[in-house]
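Peer 1: Before I ask anything, let me first share the structure, which is written out below as structure tokens.
The values are calculated or read from the model by the stated rules, or taken from the named source; none is laboratory data. Everything quoted here is computed from the prediction, not taken from an experiment. All Cβ positions, glycine included, derive from the backbone under ideal geometry; neighbour counts span all protein chains shown. Surface areas here come from the heavy atoms of the whole protein model, side chains and all, with no ligands, DNA or RNA. Shrake-Rupley method; radii C 1.70, N 1.55, O 1.52, S 1.80 Å.
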Amino acid sequence: MAPNEIYQYSLVNALMSGVSDSGITAAQLIEKGNQGLGTFVRIEGELLLLDGAVYQLLAEGKIRVASPTDQIPYAVSTHFEPQHTVTGEGARLENKEALDVVLERYNNHASNLFMSYRVEGHFRRVKCRTVKGQEYEGQSLAELGKKQFVAEYSDIEGTIVGFRSPRTWQGFFVAGEHMHFIDKDRKAGGHVLELEADDVRIGIATINNLHIELPTSDKFNSAVMTTDDVGLKSVEG
Ligand SMILES: [Zn+2]
């Protein structure tokens, strides 16, 4: 993969249908980029790929480094090389939506293109969730979202890895913003629900080249996949 191309394994719609019993390994994912997001087998927590390590962000704030053989049923990643970096006043984020404004300011023609970004520094507040994992085979992500673990961290140093996908790709990707956070000490993190930051550096890249690898399992092939826009917004928004 060249810099600033997306590699994605499987589809968000497959996860929504509960297809999560196997996938690529953590060792394979590390080859696909220096930052990424995803989940693990049976939707056990959130995945964050950052600079050569794959982290599993679990409920109750537990974090572990994935073993090379851990399987990943869904992930999106990129070899991120920022084309633009914002710091100081322009990088002040009053909320999650403010990040969208920063991305727009950099590339206001990117409504139908993908963007990747990395936000590093001091966060005044980050509200994260971690999915707790399937209780039975095939349980959908939409249902799991109702029992997620939510934690709010204040005055914390860390990194957000994120992607912005066009509206029309909802269900293949997560449309709009999708970001995961990990703190500097690797002790806290998750899928970002809300944020507030006053002293961060925001690196941004626009992406127009995608590689999507689909699972070949019977489970994937027999899944009935539909795009549940409302369900996706509630669980991934
Ligand atoms: Zn997520």
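Peer 1: Count the lysine pairs in segment 6-236 whose Cα atoms sit under 14 Å apart, keeping only pairs 8 or more residues apart in sequence or on different chains. Walk me through the numbers on the way to the answer.
Peer 2: Values: K62/K132; K62/K187; K96/K127; K132/K146; K132/K147; K146/K233.
The number of close lysine pairs in segment 6-236 is 6.
Peer 1: Find, among the trypsin sites (Lys or Arg not before Pro) in segment 20-75, those assigned to loop by DSSP (not H, G, I, E, B) with at most 11 other beta-carbon atoms within 10 angstrom.
Peer 2: Passing sites in segment 20-75 do not exist.
Peer 1: Using Cα atoms only, what is the angle between the long axis of helix 96-106 and the major principal axis of the chain, expressed in degrees (0 to 90) to the nearest 10?
Peer 2: So the inclination is approximately 70 degrees.
Peer 1: Any chance you could list P(r) for segment 3-67, counting all Cα-Cα pairs in 10 angstrom bins from zero, rounded to whole %?
Peer 2: 20, 55, 24, 1
Peer 1: Rounded to two decimals, what ratio of Rg to Rh does segment 6-236 give with C-alpha atoms and a Kirkwood Rh?
Peer 2: Taking Rg over the Kirkwood Rh, I get 0.94.
Peer 1: So if each residue of separation counts as 0.36 nm, and I subtract the Cα-Cα distance between S111 and A2, what length gain in nm does that give?
Peer 2: Length gained between S111 and A2: 37.0 nm.
Peer 1: For the chain, with every protein chain kept in place, what is the accessible area per residue (1.4 Å probe, Å²)?
Peer 2: Values: 10260 Å² over 237 residues.
Per-residue value: 43 Å².
Peer 1: Tell me the carbon and sulfur percent of the accessible area for the chain, rounded to whole percent, probe radius 1.4 Å.
Peer 2: Exposed carbon and sulfur together represent 47 percent of the surface.
Peer 1: I've got another one for you. Determine the relative contact order of the chain: mean sequence separation of Cα pairs under 8 Å and six or more apart, normalised by residue count, in whole percent.
Peer 2: Relative contact order here is 29 percent.
Peer 1: Also: Only four residue types carry charge here, +1 at the Cβ of Lys and Arg and -1 at the Cβ of Asp and Glu. Report the dipole size of the chain about the Cα centre in Debye, rounded to the nearest 20.
Peer 2: Once rounded to the nearest 20, the dipole reads 120 debye.
Peer 1: Given DSSP loops and a limit of at most 13 other Cβ atoms within 10 Å, what is the longest stretch of the chain that contains no such GluC sites (Glu not before Pro)? It would help to have the intermediate numbers written out before the result.
Peer 2: Values: sites that count: E31, E94, E135, E137.
Longest site-free region, per DSSP loop and neighbour criteria: 138-237.
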